[in-house]
Amino acid sequence: MAWQQSKSPPAANSSPPPAPTTVISLDEDLLREIFLRLPSLPSLVRAALSCRTFLSAVRSSPAFRRSFREAHLPPLLGLFFDPEVPSIPAFAPLRRRADPDLAAAVRGADFFLTRLPADDDTFPGWAIEGCCDGKVLLQNCSLEQFAVYNPLTQALDLIPVPPDKIFDDSRGDAKYVGCYILSSEESSEPLCLVYTCHDKSRARAAVFSSESREWQIFPWSEAVTPLPEDEHWLKVGTLVNGFVYWIHTKEAYIFVLNTTTLHFSQMDLPPALVARDLIFRVGETKDGKPCIVCPIDFEFFVWVRGAEDDGIERWIFDQRFPLEKIVEVTKSTLVDHGDLKVVATIGGFVYFSTMETFLDSHKSSWFMSLCMETGELATLFRRRFDGHPHPYIMAWPPSLIGNQVHPQLEGA
């Protein structure tokens, strides 16, 4: 009979083999270290919504969200182009084949604004007021409504315009000068709008809250000095970190609204910009400070609002960016480009275009961005400059910030 060797029985005190380590078993600190290496916010959203463990790691740490924002480019998804005549704005998406999650976010969003109501489908009559924290603010004069719409979530809020009494006691004809969304990605406060108008020398604001569903109208401001000569004495305003800034059409100052106190004030221009026929707007640095970016002969000159040694806040010249190198990217000449136009400065990025369309309406302009921190120049796309452009930057979804549970994870 053949001899067979039998296996010896396991020792009584031997320990079972260790359980395999899985991603789910990692603690939240390690998960967040992994998530920081994802290429973009759309990639993080996709990962976080895959299970409760991942979602909790993102949602429970404001510090992680700050680190993620600092380590990644703003998730610009494209630009809306608002036509001169109210209709439906066009959207030009940013194409980045290297980031499929960003492309998927664009494909899944309603950038055609199909949920907006209209009396006439052939002429909807909507015009964009601005984009803020992933929301698009639009106005429809025939419907006497504002719309706050998130194309990614398709959340829509329709808001009536303020009552006519906002124009009561005006000195001469009162003019509408803009409406702005007051919100924050990290805040769960109700949606608020601030509506502004001015008469011959004063301004007024009204605030709408989604909680009360009513407009609160505030008193007229003190008259500005010197008194304006033109009835249209303010240019388009810009909301930066809770303040609205309007450049005066003729005088050397900026008109400012503090949206917390609803107080209007005047602010001097940088001395280098006084009495010069230049086009510029107030924007925002990476850390939220007001800045002015002014194009002069294919250079960007930047001033930042801050305090010097004397403790007094003023415009401080920060840096200049020579941009003649754009000809290497566009394979054109500076003469072909004509000039540069700043579209917006958001989060430390200057979004701008060349001016070919203004020289020849059949030609396309180049749309680009400049990072003020690194000086890096990036090409967005080429198209005709046929409307007022508004950069659309993806916001953090509320489900990654607050205590809301994403519907896909209910019961998971």
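Measure off 7 Å from each Cα along the Cα-to-Cβ vector at LYS331 and MET267, then give the distance between these two points in nanometres to one decimal.
About 4.3 nm, to one decimal.
For every helix of n ≥ 4 consecutive DSSP H residues, a contribution of -39,500 (n - 2.57) applies; sum these over the chain, divide by its total residues, and give [θ] at 222 nm rounded to the nearest 500 deg cm²/dmol.
Numbers: 8 runs with 56 residues, N = 412.
Counting only the DSSP helices, I get -3500 deg cm²/dmol.
Taking the Cα centroid of the range 288-314 and of the range 54-106, what is the distance between the two, rounded to the nearest whole Å?
27
Alpha carbon centre of the range 333-399 versus the range 216-264: separation in Å?
27
Which entries in the list LYS325/LYS363; LYS135/LYS250; LYS135/LYS363; LYS200/LYS289; LYS235/LYS331 go over 26 Å, if you measure between the two C-alpha atoms of each?
LYS135/LYS250; LYS135/LYS363; LYS200/LYS289; LYS235/LYS331
Need one number: nm distance between label points at SER67 and SER142, each 7 Å from Cα along Cα→Cβ, rounded to one decimal.
Taking the two extended label points, one gets 5.3 nm.
Send over the per residue convex hull volume for the chain, Cα only, as a whole number of Å³. List each step's numbers first, then the result.
Working: hull volume 106.7 nm³, N = 412.
Measuring per residue, one finds 259 Å³ for the Cα hull of the chain.
Can you run phi through the Karplus equation (6.51, -1.76, 1.60; θ = phi - 60°) for the range 328-336 and list ³J(HN,Hα) in whole Hz, with x for Gly and Pro?
Taking θ as phi minus 60°, the curve returns 5, 7, 8, 6, 10, 10, 4, 5, 4 Hz for the range 328-336.
As an exercise, use a Förster radius of 22 Å and the Cβ-Cβ distance of THR379 and ASP339 to find the FRET efficiency, rounded to the nearest 0.05.
Details: r = 18 Å, r/R0 = 0.80.
The computed FRET efficiency comes out at 0.80.
Which shape class, rounded, prolate or oblate, goes with the range 146-198 when its Cα gyration tensor gives a ≥ b ≥ c as root eigenvalues, a/c under 1.5 marks rounded, and past that a/b bigger than b/c marks prolate?
On the way: a/c = 3.03, a/b = 2.30, b/c = 1.32.
Prolate, since a/c reaches 1.5 and a/b exceeds b/c.
Whole number in Å², please: accessible area per residue of the chain, 1.4 Å probe, ligands, DNA and RNA not counted. If you can, show how the numbers build up before the last one.
Details: 22260 Å² over 412 residues.
Result: 54 Å² per residue.
With all protein chains present, how much of the accessible area of the range 237-365 (probe radius 1.4 Å) comes from carbon and sulfur, to the nearest whole percent? Intermediate results must be reported in sequence, preceding the final value.
On the way: 3220 of 6360 Å².
The computed percentage sits at 51.
About the Cα centre, and with charges only on the beta carbon of Lys, Arg (+1) and Asp, Glu (-1), how big is the dipole of the chain? Nearest 20 debye, please.
Details: 38 positive and 53 negative charges, 311 e Å.
Once rounded to the nearest 20, the dipole reads 1500 debye.
Between the helical axis of 62-71 and the dominant principal axis of the chain, each derived from Cα atoms, what acute angle in degrees is found, rounded to the nearest 10?
70
Could you give me the radius of gyration and the Dmax of the range 306-389, taking only the C-alpha atoms into account and expressing both in angstrom?
Cα-based Rg and Dmax for the range 306-389 come out at 15.4, 53 Å.
Applying 1/(1 + (r/R0)^6) with R0 = 35 Å to the Cβ-Cβ distance of LYS289 and GLN216, what FRET efficiency is obtained, to the nearest 0.05? Numbers along the way, then the final one.
Working: r = 29 Å, r/R0 = 0.83.
Efficiency computed from Cβ-Cβ geometry: 0.75.
The values are calculated or read from the model by the stated rules, or taken from the named source; none is laboratory data. What you see is a predicted model; the values in this text were computed from it and never measured. All Cβ positions, even for glycine, are placed from backbone atoms using ideal geometry, and neighbour counts span all protein chains on display. Quick note on the areas: whole protein, heavy atoms, side chains included, nothing else; ligands and nucleic acids left out. Shrake-Rupley method; radii C 1.70, N 1.55, O 1.52, S 1.80 Å.
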